[in-house]
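Notes for the one structure printed next.
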Amino acid sequence: MTSTQSTTTSPLSERMVHVGSHRIRVAERIGDGTEPPLLLMSGFGCSLEVFAPLVEALDPSSGLILFDVPGIGRSRRPMRPYRLAEIAWVLGEVVDELGHSRVDALGVSWGGALAQQFAFQNPRHCRRLLLVSTGPAPIMRPSLNAIREMIAARRFNPDDGAEVAASLYGGKVLEDHSLLEVIQRRLPNDPRGERYQQLALLGWSSLPMLPLIRQQTLVLAGDDDRIVPMLNAKIMAALLPRARLRTFHDGHLGLLTSADEVAPMIEEFRHFHRLAEAG
């Protein structure tokens, strides 16, 4: 495994990390060391740029690790499709390469599935688990229209996709289409990379593994999420042995469009459990 360091004008330092045949773009913000860094896993088709609103809303002393999934953004597309278990292993190697013994893992939407797999496979690396706008399986009661539009991905088109995206995501973007900028800022993807990302979920479900995930877990869900209805959050919170469910008033993009509201929930969860362990 090798890595090459580069500098950027952002507060995040960026590098390419090599794990096996994978070449992963990683960005890191060094924290003050009081908490493990927060490893952020993004949704389908989204490069790490989409996390900008959350990065800005989180405590600047919090360490962060962001990355592009293989074939997405600036991460190289692999030669073959992959499974979530493979990428969960890759992330464990990335955490090691960055010199961290533990992280808190946060996954949103597609990244929430990866976060569940990561926590299950890497119990020594993963201290806390945060699941946002996600579920225990690819299809848990979304509408047929939502499934069709998720596959077509017209919602990323800034010219004619606003109405589609607003009706698909729900929440604040219904009233203010300008909020869709959070996903339109993503980097272009390799089309085959997006297909590989879809295939990674084929046949996947966390239902058998959820009772075995022992990390303290925060499940966050929007009350107007049209893609991943609230039922998903309730199922995960019921099956995870140490889970807490909290809701916010927004849709599927709430982690980004309501970052000022959601970020304090994240910080409170991480800080509270550190104090509880210390006591």
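The values are calculated or read from the model by the stated rules, or taken from the named source; none is laboratory data. All values derive from a computational prediction rather than experimental measurement. Note: areas computed on protein heavy atoms with side chains; ligands, DNA, RNA excluded. Shrake-Rupley method; radii C 1.70, N 1.55, O 1.52, S 1.80 Å.
Rounded to the nearest Hz, the phi-derived 3J(HN,Hα) couplings of region 55-60 under the Karplus curve 6.51 cos²θ - 1.76 cosθ + 1.60 (θ = phi - 60°) are 4, 5, 7, 6, 3, x, where x marks glycine and proline.
Just the number please: accessible area per residue for the chain, 1.4 Å probe, all protein chains included, in Å². Walk me through the numbers before you get to the answer.
On the way: 11990 Å² over 279 residues.
I get 43 Å² per residue for the chain.
Using a 1.4 angstrom probe on heavy atoms only, work out the carbon and sulfur share of the accessible area of the chain in %.
Details: 6500 of 11990 Å².
Of the solvent-accessible surface of the chain, carbon and sulfur hold 54 percent.
In this structure, the amide hydrogen of ARG77, modeled 1.01 Å from its nitrogen in the peptide plane, lies closer than 5 angstrom to those of GLY71, counting only residues at least 5 positions away or on a different chain. Values (1) 48, 17, 17; (2) 25, 22, 19; (3) 30, 25, 20 are given for comparison; semi-axes √(5λ) of the Cα gyration tensor in Å, derived from the coordinates here, is the one labelled (2). Close amide H contacts of LEU130 (hydrogens built in the peptide plane, cut-off under 5 Å, sequence separation of 5 or more or a different chain): ALA105, LEU106, GLY107, LEU218. For region 159-279, the Kirkwood estimate of hydrodynamic radius, built from reciprocal distances between every pair of different alpha carbons, is 16.5 Å.
Given Cα pairs under 8 Å that are at least 6 residues apart, what percent is the relative contact order of the chain? Don't skip to the end; give the middle numbers.
Working: 583 pairs, mean separation 55.6, N = 279.
Taking the mean separation of contacting Cα pairs over the length of the chain, I get 20 percent.
Ordering MET209, MET230 by how much accessible area each has at a 1.4 Å probe, largest first, what is the list? All intermediate terms of the calculation are to be shown ahead of the outcome.
Details: MET209 20, MET230 45 Å².
From most exposed to least exposed: MET230, MET209.
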